[in-house]
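Coordinate-derived values only; no laboratory data. These numbers were taken from a predicted model, which means no experiment stands behind them. Cβ: placed from backbone, ideal geometry, glycine included. Neighbour counts: every protein chain shown.
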Amino acid sequence: MSRGDGAGIAVTGVGAVTCHGAGADTLWRAMTEAGIRLPDRAPDPDARMDLPLIGLVPDPVPGSPPGVERAAAFAALAADEALADAGYAPGDLADARVAVVLGSCMGEPGPNERGRGEAGGGEPGRGDGGAWRPPFRLASGLAGRLGLFGTAHDIANACAAGAYALTVGADLLRAGEADVVLAGGSDAYSRVALGCFNRLGAVDPERCRPFAADRAGTVFAEGAGILVLEPAGRRADAVRLEGAGWSCDAGHPTAPREDGEEIVRAMRTALGGRYEGVGCVVPHGTGTRLNDVLESRALRRVLGAALDRVPLYSLKALLGHAGGASAALGAVAAALIVRHGLVPPNVPLKEQDPACPVPLPEAPVRLAAGARRVLVNAYGFGGNNASLVLSSGGGGAV
């Protein structure tokens, strides 16, 4: 487990790419409009599965050079935006110690997956004879593209990877190993990943519907979320990464502990023993039967009666489940909520599951002056759990 120093880590810039398009402003607009977006069918003739559904980033990916894999293109686009949001122009960080830490479920699986269906294997024009390529090279690729030669880490612990990446980035800053950190996550379509979830019977045939009475699984989506982390001080109005908590169930390859003990532990650690001032929760909320019930119970254990007054913002209902990028996008959403002082309306549910009695308001909720802390949860296969707390650094919207 890890707990951050809330006074010391600032989020000075954010960037996002989602199935709604590129840009954190585009994400915020989609959040405030709360419209239902149905998933796409994967444009892959080899996706021979019952439900080849995924939320695709619109093509072409803006600014993507030819031959760059989708996950890498998403990360680059989100990073460019985050750096600009932080006030950095190209070349400003050439002499700084900059770390890049990216989480992903699948990395860049495209060359390996496409090679299986092509005569002679390999990527067209590569002449590699079908050689396997390491998929986890997003961080080093992004660092090289930006001309940064500091630390580069890929984090691959399933759907909690984006949250782990942010806490590793914060640790690098606190340890004095970096001056600036680009941290977050990126994931793109993977035939293997989607096929596995079809085999598990864990894909909802309609859309991602967290906490709905008739939910039937999750629906994956492409996307990337990148945040610029720095020691507090350069921007007094910056959102803070106040705390982080890790834990691991380590009891089952896919299911969390039924008592929810370890996800409770992660939340309590992230909150640092301070349960007041929480104005919003961005839950993991995947739409699977077990996850949503366990998270609802765990939130009740952590926040108690206060949960009735703390709205949840169900990001996956808007985007789908962006895998290793989901927690990073949750952190971007939390930063936007703190900046604007507003919890956007949730995508409407036909009927909420009575076993998930959590507040999901369908109208905007203004954050109270004393409740500007946002809790973000992320859980992944292998029992990987992580929670983050983002809060106001300047006492008002920025």
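What the table below lists for this structure:
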| read-out | value |
| --- | --- |
| Positive minus negative residues near residue 99 (Lys, Arg vs Asp, Glu; Cβ under 13 Å) | -3 |
| Theoretical gain in end-to-end length, residue 236 to residue 50 [0.36 nm per residue, Cα-Cα removed] | 61.8 nm |
| Selection from 318, 357, 336, by position along the positive dipole direction of the stretch 242-359 (Cβ) | 336 |
| Gain upon complete extension [residue 177, residue 214; 0.36 nm per residue less C-alpha separation] | 8.5 nm |
| Inter-label distance, nm, simple model (7 Å from Cα along the C-beta direction), residue 114/residue 149 | 3.1 nm |
| Relative pair counts by distance (%), Cα atoms of the stretch 164-244, 5 Å bins | 3, 13, 16, 15, 11, 11, 12, 11, 7, 2 |
| Full-stretch length increase - residue 140, residue 96 - with 0.36 nm per residue and alpha-carbon distance subtracted | 14.2 nm |
| Candidates per trypsin sites (Lys or Arg not before Pro) in the stretch 309-365, loop by DSSP, up to 15 other Cβ within 10 Å | 350 |
| Projected-area average for the chain over all orientations - Cα convex hull basis, square nanometres | 17.7 nm² |
| Percent RCO, i.e. relative contact order, over the chain, from Cα pairs under 8 Å lying at least 6 residues apart | 24 percent |
| Relative contact order [Cα under 8 Å, 6+ residues apart], the stretch 301-391, whole percent | 32 percent |
| Counted charge near residue 264, where neighbours are those whose Cβ lies closer than 14 Å (Asp, Glu -1; Lys, Arg +1) | 0 |
| Residue 32-residue 252 pseudo-label distance in nm [points 7 Å out on the Cα-to-Cβ vector] | 4.1 nm |
| Dipole magnitude of the stretch 9-391, debye to nearest 20 (Cβ charges: Lys/Arg +1, Asp/Glu -1, about Cα centre) | 620 debye |
| Estimated inter-spin distance, residue 261 and residue 351, nm [label 7 Å along Cα→Cβ] | 3.6 nm |
